Amino acid sequence: MSASTSSLLELRQVTKQFGETTVLHPTDLQVERGEVVCVIGPSGSGKSTLLRCVNFIAPPTTGTIVFDGEEYRPPKDHRWIPALGIPEEQRLTRLRTQVGMVFQQFNVFPHLTVRENVALGLRKTCGLGKKAADARAVEELGKVGMAEKAAAYPEQLSGGQKQRVAIARALALEPKLMLFDEATSALDPELVGGVLQIMRDLAAGGMTMMVVTHEMRFAMDVADRVIFMDRGGIVEQGTPEQFKSPQHERTRAFLKSINHG
Amino acid sequence: MVFAFDTTVISDHSSELLDGLLLTVEVAALGFAIAALLGLPLALAGRSQSPLLRVPATLWVGLARGVPLLIVIFWLYYAAAQEGLFSLTAFLAGALSLGLTGSGYMSEIYRTAFSAVPSGQREGAAAIGLSRWQTFRLVIFPQALRTAIPPGMNVFVMLLKGATLLSVIGLADMFYTAKLVAVNEFKPFELYTAAAVLVIAVTLVAALAAGVAERRMSKGVRR
């Protein structure tokens, strides 16, 4: 597959509905290799849904997602015999090992140690043995400054530390794309900087990233492209420079509200 | 008339009573094991999106919880044998009755325990590429199990007390022995009291063991 010449990620007419409610209107989007895309917008605008559609944590209702040259479509409804969905499911798990995701609520596993949190994916989806996985896990934890906490349980950590563990857990699988879903929104203000610094370093290292965030400084500094979403659709996108004088009234109103909020 | 609590009749028959108690605990433990094992697939089927699994599981749980234990015991021991369906020893029929009845309760306990695991755990597991089965086995189940221990303990106690009904099919359990001695010695009060004390003792030990198990499995989780 001559995947490397095309975009890493392409969304074609992707929509998401929950019952009668449309949370994402038909959306097209391309993300290039090494690009950092920051998605901003008011709550309920569909930013998180957009991100969750990419790795099928919330499978799109319609549309196509092309990742690294492979096409993924909404899973068929195998309501009566769920086992029929297994081959599709297996394809999606392969997609997910290539797409790391970091959540607002961290979603670290409380019953596992920090090291086990990171090693789990390495063992189960990369097929590493226990020893190799543990060694790799400690190495990854070192990169986010958490190696000395390897034996601790998540409850012994601060929110910022939990989020570092979650980042290490995602990075351990060497993803081609990282999704950050309001990764710093649940953190105490003094802990935000450390996590953002890790994200800055990651971007500087050439990682392709989609970042849903309310941290406008971060978006303006790090993003190659900023996307403004509202009411389930992309309203406007452009470079951070272009976002200093937005085209749409809704974008202006949003930026004004968060600057003076 | 002076009432006197005659402890000698208990000490004289203590070995028979303890033998009976052992049998009661054995049948209740086997019944609980059956209930705990059956309850798990039942709970999973009950949560399935497929009606082919959900409907039978819901029916089973309704029957298991709705039919009186005594009827299950009679049905499995006498009725089935009389119709030539199968014939079981009193012990096996007893354990199965307890297991079938308990499975309905255990299923509901597992179901609640699975729902108590935050949905973010499932998402976190999916995001690192775990399959549904791996997610269940490695992430959801271990966290749900410790939520299920205290109410599961209640089911065990319920089955332990339910096991006293098995004397009706001639299982020489603790209650059966107590009744036999009580009739022979004309000391019902002493013997039934002793039987009650023994069951309470077992219940306390079981609660203690459950507490230890729960603490050991709660590593990393504030309760």
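The values are calculated or read from the model by the stated rules, or taken from the named source; none is laboratory data. Predicted model only: the values in this text are computed from it and were never measured. No Cβ is skipped: glycine too gets one built from the backbone with ideal geometry, and neighbour counts run over all protein chains shown. Calculation scope for accessible area: heavy atoms of the full protein, side chains included, ligands and nucleic acids excluded. Shrake-Rupley method; radii C 1.70, N 1.55, O 1.52, S 1.80 Å.
Overview of results
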{"read-out": "Residues that are more than 19 Å from residue A:125 (Cα to Cα) and among the charged types (D, E, K, R), drawn from the range A:172-201", "value": "A:181, A:182, A:188, A:190, A:200, A:201"}
{"read-out": "Among (1) surrounded by 14 or more Cβ atoms within 10 Å (Cβ to Cβ); (2) over 21 Å from residue A:181 (Cα atoms); (3) not acidic (Asp, Glu) - the single one residue A:53 does not satisfy", "value": "(2)"}
{"read-out": "Selected residue (only one of B:153, B:106 is modelled with pLDDT of 95 or more and either within 13 Å of residue B:40 (Cβ to Cβ) or part of a helix (DSSP H, G or I) (or both))", "value": "B:106"}
{"read-out": "Residue that is farthest from residue B:160 (Cα to Cα) [pool: residues in the range B:76-93 that are touching a helix residue (DSSP H, G or I) at 6+ places or on another chain (Cβ under 8 Å) and assigned to a helix (DSSP H, G or I)]", "value": "B:78"}
{"read-out": "Among (1) in contact with a Pro (Cβ under 6 Å, 6 or more places away or on another chain); (2) at pLDDT 95 or above, the one test that residue A:109 misses", "value": "(1)"}
{"read-out": "Every residue from the range A:206-217 that is free of Cβ contacts under 8 Å to residues at least 40 places away in the same chain and either part of a helix (DSSP H, G or I) or within 15 Å of residue A:168 (Cα to Cα) (or both)", "value": "A:217"}
{"read-out": "Residue A:41 vs. criteria away from every other protein chain (no Cβ under 14 Å), at positive phi and either among the hydrophobic types (A, V, I, L, M, F, W, C) or in contact (Cβ under 8 Å) with a residue 60 or more places away in the chain (or both)", "value": "yes"}
{"read-out": "Condition met for residue B:162 (surrounded by fewer than 17 Cβ atoms within 10 Å (Cβ to Cβ) and away from every other protein chain (no Cβ under 14 Å))", "value": "no"}
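Conditions (1) open to solvent by 40 Å² or more (accessible area, probe 1.4 Å); (2) closer than 13 Å to residue B:72 by Cβ, marked per residue:
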| site | (1), (2) |
| --- | --- |
| B:87 | yes, no |
| B:100 | yes, yes |
| B:109 | no, no |
| B:112 | yes, no |
| B:121 | no, no |
| B:129 | no, no |
